[in-house]
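The block underneath contains the structure these notes are about, expressed in structure tokens.
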Amino acid sequence: MVKINENYLLLQNSYLFVEVNRRAEKYMEENPDKDVIKMGIGDVTKPLTPTVIKAFKDAVDEMADGETFMGYGPEQGYDFLAEAIIKNDFNRWGVDLDLDEVFISDGAKCDTGNIQEIFDLDNVIAVTDPVYPVYVDTNVMAGRSGLIKDDGMYANIVYLPCTEENDFVPALPEEDVDLIYLCFPNNPTGTTLTKDQLAKFVEYAKENDALILFDAAYEVFITEDDVPHTIYEIEGAKEVAIEFRSFSKTAGFTGTRCAYTVVPKEIKIKTSTGDEQSVNALWNRRQTTKFNGVSYPVQKAAEAVYSEEGQKEIMENIEYYLENARIIRESLSDIGLNVYGGVNSPYIWVKTPNDMESWDFFDLLLEDANIVGTPGSGFGPSGEGYLRLTAFNTLENTKEAMNRISKLSF
Ligand code: MLT
């Protein structure tokens, strides 16, 4: 008799963004005359830039010619892209990497979700709370979470609250944890850690034989000086941290799909027989077995992101989104709401007025202002009482949305 993986039954309802979308679609179906502005899922609105598109098209033409056609590529990605990544995203910040420490993939969601499978089920994981749901859900699916408790937390997961009270800076775990998921600039709060604050986690990991899974998908939005661009700026981090990056928000690849994960060869974990195992070798084994690489045209398009013209175009888009973020922050502050993030991030984390619950504020914005946000409670128990807005819509829609919210009375 077939048995299902019953860990899946421990998951809460549907995946957060599927649920948000379901409710928004239902409202739009029932109210076809309403002009709904979506500021829920962090999906970009700016198209791929001209330089990226040209490289993409040229590579498609290469695929049409027997002389230049490419079949299977390396599962880890082509060297031309890994070289561009290392030079632009790491050497620039004084960090050296070898080509075989970079694994190009089709998304940071997939990589942050898949990485846990190379680690034993007995590992204790820690997550910041609120948190990007993929880290928790994939550990639930794997059987690492235990049962969900009345407070909405899984019994075997260690939660590190990030709230107004601690300025959204997580405390170091009090318990003995093995894998620590950190995402900075943070999704969903839009807040950051300084170098010193992040260094404390690196120190903790070294002292406790833990590993940090560092999601830096929003790095390109950093505008402030003291915010690290890669965890490897922190001394010793290469021994204790894996870093995830993405072209999705950086260069508009949400539909095109390209990302990468850095697994330094310095990370060595003791096996039960006392041998040292390279995590890089394990991830390589996993990827070569389960993944056949990102398509050649997509990798050529991603490479073009790093050209001089590509960088200029991409940064114009980022500034456009950051301007939207500024408008959201200032408009909501002006009407007396407490808002966070949006300075080094496309996400604005809004405290709900009058202690409303997150889903109630979501409904109010949808019904009275026709705006879709993402309820903070969907990101974890400490997200209750907050709502996330994204700056990825158009400037026009962003202004219109703020205009509508400013007319609401709370
Ligand atoms: C988000 O809205 O948090 C992100 O778009 C989700 C993702 O990148 O998978």
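The values are calculated or read from the model by the stated rules, or taken from the named source; none is laboratory data. Given the structure is predicted, the values throughout are model-derived calculations rather than measurements. Neighbour counts run over all protein chains shown; Cβ positions are idealised from the backbone, glycine included. Surface accessibility is based on the protein's heavy atoms, side chains included, excluding ligands, DNA and RNA. Shrake-Rupley method; radii C 1.70, N 1.55, O 1.52, S 1.80 Å.
A compact table of results
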| quantity | calculated |
| --- | --- |
| Checking Tyr321 against (1) more than 26 Å from Phe184 (Cβ to Cβ); (2) crowded, with 22+ Cβ neighbours inside 10 Å, the condition it does not meet | (1) |
| Among residues of the stretch 354-398, those that are part of a loop (DSSP other than H, G, I, E, B) and open to solvent by less than 40 Å² (accessible area, probe 1.4 Å), counted | 7 |
| Scan of the stretch 114-132 for residues that are within 11 Å of Tyr181 (Cβ to Cβ) and in contact with a helix residue (DSSP H, G or I) (Cβ under 8 Å, 6 or more places away or on another chain), ordered by number | Ile115, Gln116, Ile125, Val127, Asp129, Val131, Tyr132 |
| Asp225, sole failed condition from (1) surrounded by fewer than 22 Cβ atoms within 10 Å (Cβ to Cβ); (2) more than 22 Å from Gly341 (Cα to Cα) | (2) |
| Subset of the stretch 11-39 that is open to solvent by less than 70 Å² (accessible area, probe 1.4 Å), in a helix (DSSP H, G or I) and at pLDDT 95 or above - its residue that is nearest to the ligand (Cβ to nearest atom) | Ala24 |
| Filter result for the condition that a residue is open to solvent by 10 Å² or more (accessible area, probe 1.4 Å) and of a type in the set (A, V, I, L, M), over Leu213, Leu193, Leu172 | Leu172 |
| Odd one out for Trp349 among (1) open to solvent by 60 Å² or more (accessible area, probe 1.4 Å); (2) not in a helix (DSSP H, G or I) | (1) |
| Single condition Lys268 does not satisfy, out of (1) in contact (Cβ under 8 Å) with a residue 60 or more places away in the chain; (2) over 22 Å from the mean Cα position of the chain (by Cα) | (1) |
| Subset tally (residues that are hydroxyl-bearing (Ser, Thr, Tyr), within 14 Å of the ligand (Cβ to nearest atom) and within 20 Å of Ala199 (Cα to Cα)) for the stretch 209-257 | 1 |
| Count of the stretch 40-52 residues which are farther than 16 Å from Gly376 by Cα and either assigned to a loop (DSSP other than H, G, I, E, B) or of a type in the set (Phe, Trp, Tyr) (or both) | 7 |
| Cβ-Cβ under 8 Å pairs, at least 6 apart or on other chains, the stretch 172-197 side in contact (Cβ under 8 Å) with a residue 24 or more places away in the chain and small (Gly, Ala, Ser), far side open to solvent by 30 Å² or more (accessible area, probe 1.4 Å) and in a loop (DSSP other than H, G, I, E, B) | Gly190/Val343 |
| Residues that are surrounded by 17 or more Cβ atoms within 10 Å (Cβ to Cβ), among the β-branched types (Val, Ile, Thr) and either without any contact (Cβ under 8 Å) to a residue 60 or more places away in the chain or more than 16 Å from the ligand (Cβ to nearest atom) (or both), drawn from the stretch 40-77 | Thr49, Thr51, Val52 |
| Qualifying position, being within 16 Å of the ligand (Cβ to nearest atom), within 23 Å of the chain's Cα centre (by Cα) and among the aliphatic types (A, V, I, L, M), among Ile327, Ile314, Ile318 | Ile318 |
| Candidates Ile115, Ile148, Ile104, Ile85 - the one that is open to solvent by 10 Å² or more (accessible area, probe 1.4 Å), aliphatic (A, V, I, L, M) and in contact (Cβ under 8 Å) with a residue 40 or more places away in the chain | Ile148 |
